[in-house]
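Notes follow once the structure below has been shown.
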Amino acid sequence: MLQSISKSLAALVVGVVLGGCHSNAQTAQSADPLSEYHGLYTPSNTEEFQTSMHTNHPDYDWGVWGHNLAKLVKDEATDDMYAIVDGKRSSKQFCFSSQSLYNKVREYVLDQYGWGTADYSERISIMPMDNKTVCTCNDCTARGNTSTNATPAVTAFVERLAEEFPRHKFFTSAYHTTNTPPTTSLAANVGTFVSSIKLPMRVDFTKTEGYNEFVQNVKAWRKQCSRIYVWDYERNYDDYLSPFPCLLAMQARFRLYRDLGVQGVFVNGSGDDYSAFDDMQTYVLALLLDNPDTDVHESIARYYREHYPQTADLLTTYYWGLEQRAQSTNHLLPLYGSMQEMCESYLDVKEFVSFRSQLDKASKLTVGDERKRLNALLTALAYTQLEMYRTGLLAKDEETIGEMREILKGHSELKGMNNRDESGHSIDDYLKKWE
């Protein structure tokens, strides 16, 4: 659904990309909304964090994840596994009526996870390639496919697997060509991810067309599918390094999902790439997934008191101010936004420069883990200030620009701070452009 998933997982060996690393039993479906799956695709959602905060991560919790079916097939793909589009074979999409494709997936599931047991099952997602191409071969068309709707063939494929492996759970997606719900009820061990991409990223979205469309889509899928998860988004995917005050907006979304009876949520963040304030935001998001009515301000303050004892007040005051501004203006938070758009929405240039300067001075009085965390944050915020200079939001100041560039060069010594966005544009290339 977003490039960060496939790009990050592509670097992993197939056993991790497709198979995950867990062998724990998955609990039976719970009647409690949001209780079944708390997926966070963020650098701070480590194995230790998952254990302590009861969160999930796609690298560990799925037999096949997202749009990674192509990685399962790999070099063993045959022509008949691919779609017929406009009368021609296309390797850009699968044919979900293909017996060869089914045999390959079946073989993989059986080899890696067996039939499952009363105490063990695997989550396996079967999604088309991430585009709007649909197979319209004779078999897929006979199942009900059209040039824009792949749901009939995809759900038939998933239902067939679910029937053969009743102890495993199989998921498809309500996204792009599979957004239309099936016309018949799906098995109890079949679920779907409904994408929230059209639900505006703002604190109050209830008066928008996207809200009505999303709610109706969830309700329509619930009529045919008993297990509904939401695939959600919480980052500016064009800029991981600048502040993005998403917590009050995410709280509103989680409350909506709870009211709609959604059983699980996957929150797509920056994957393995560092993003500003991610450690605190991941902590608060985990709390909100447990209870959407959690006090966001108190949770932010508590996290900073524990992990940033010397600078907690400064960090809490500044970040909470961003959240309050986003709430009071109810401006759209850009999932793909420029520095100008962020400043129109919630960033105040002078306030930011003052905050970064104060935090830099305060950091010199800190030690240990707090000093390390602040070093990473200040490195990221140097990029934000450089972008303000580059886009003309700040008047040119060669001395300060040079200082920010030197700070940003330190990214190479920090874990996960290589890329500045979802597309994989590197910080090194950015610095070269300044030269």
Filter result (out of contact with any Gly (no Cβ under 9 Å at 6 or more places or on another chain), assigned to a loop (DSSP other than H, G, I, E, B) and either of a type in the set (Gly, Ala, Ser) or under 13 Å from Ile124 (Cβ atoms) (or both)) within the range 42-66: Gly66
Among (1) buried (at least 24 other Cβ atoms within 10 Å of the Cβ); (2) in a helix (DSSP H, G or I), the one test that Ser299 misses: (1)
All positions within the range 354-371 that are part of a helix (DSSP H, G or I) and within 16 Å of Glu306 (Cα to Cα): Ser363, Gly368, Asp369, Glu370, Arg371
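So, in the range 182-200, exactly how many residues are of a type in the set (Ser, Thr, Tyr) and outside any loop (DSSP other than H, G, I, E, B)?
The number of residues fulfilling the criteria is 2.
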Residues located in the range 37-78, provided they are closer than 30 Å to Gln93 by Cβ and either among the acidic types (Asp, Glu) or surrounded by fewer than 19 Cβ atoms within 10 Å (Cβ to Cβ) (or both): Asp59, Tyr60, Asp61, Ala70, Lys71, Val73, Lys74, Asp75, Glu76, Ala77, Thr78
Filtered residues of the range 383-409 (kept if of a type outside the set (D, E, K, R), part of a helix (DSSP H, G or I) and surrounded by 15 or more Cβ atoms within 10 Å (Cβ to Cβ)): Tyr383, Thr384, Gln385, Leu386, Met388, Tyr389, Thr400, Ile401, Met404, Ile407, Leu408
Residue within the range 234-246 that is closer than 20 Å to His38 by Cβ, in a loop (DSSP other than H, G, I, E, B), touching a residue at least 24 places away in the same chain (Cβ under 8 Å) and touching a Cys at 6+ places or on another chain (Cβ under 8 Å) present: yes
Every pair of residues 6+ apart whose Cβ atoms lie under 7 Å, when the first sits in the range 119-136 and is in contact (Cβ under 8 Å) with a residue 12 or more places away in the chain while the second is among the acidic types (Asp, Glu): Arg123/Asp61
Positions within the range 87-116 being of a type in the set (Gly, Ala, Ser) and either in contact with a Cys (Cβ under 9 Å, 6 or more places away or on another chain) or touching a residue at least 40 places away in the same chain (Cβ under 8 Å) (or both), in sequence order: Ser90, Ser97, Ser98, Gly116
Check on Ser173, polar (S, T, N, Q), in the same structural domain as Leu34 (by TED's automatic domain parsing) and out of contact with any Pro (no Cβ under 9 Å at 6 or more places or on another chain): no
Neighbours by Cβ (under 8 Å, 6+ apart or cross-chain): first from the range 194-207, farther than 18 Å from Arg325 by Cα and hydroxyl-bearing (Ser, Thr, Tyr); second at pLDDT below 95 and not in a loop (DSSP other than H, G, I, E, B): none
Any hit, the range 212-224, residues being part of a loop (DSSP other than H, G, I, E, B), at pLDDT 95 or above and over 21 Å from the mean Cα position of the chain (by Cα): yes
Test: residue in the range 253-274 that is in contact (Cβ under 8 Å) with a residue 12 or more places away in the chain, within 28 Å of Gln340 (Cβ to Cβ), part of a helix (DSSP H, G or I) and assigned by TED's automatic domain parsing to the domain that holds Tyr60: yes
Selected residue [in a helix (DSSP H, G or I), surrounded by 15 or more Cβ atoms within 10 Å (Cβ to Cβ) and not assigned by TED's automatic domain parsing to the domain that holds Asp232] from Leu374, Leu347, Leu333: Leu374
Single residue of the range 252-268 satisfying the filter (surrounded by fewer than 22 Cβ atoms within 10 Å (Cβ to Cβ) and of a type outside the set (A, V, I, L, M)) that is nearest to His38 (Cα to Cα): Gln263
Search result, residues across the range 285-306 that are among the β-branched types (Val, Ile, Thr) and either free of Cβ contacts under 8 Å to residues at least 24 places away in the same chain or closer than 21 Å to Leu332 by Cβ (or both): Val296
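The values are calculated or read from the model by the stated rules, or taken from the named source; none is laboratory data. Source: prediction; values computed, not measured. So basically every Cβ, Gly included, is an ideal-geometry build from the backbone, and we count neighbours across all protein chains shown.
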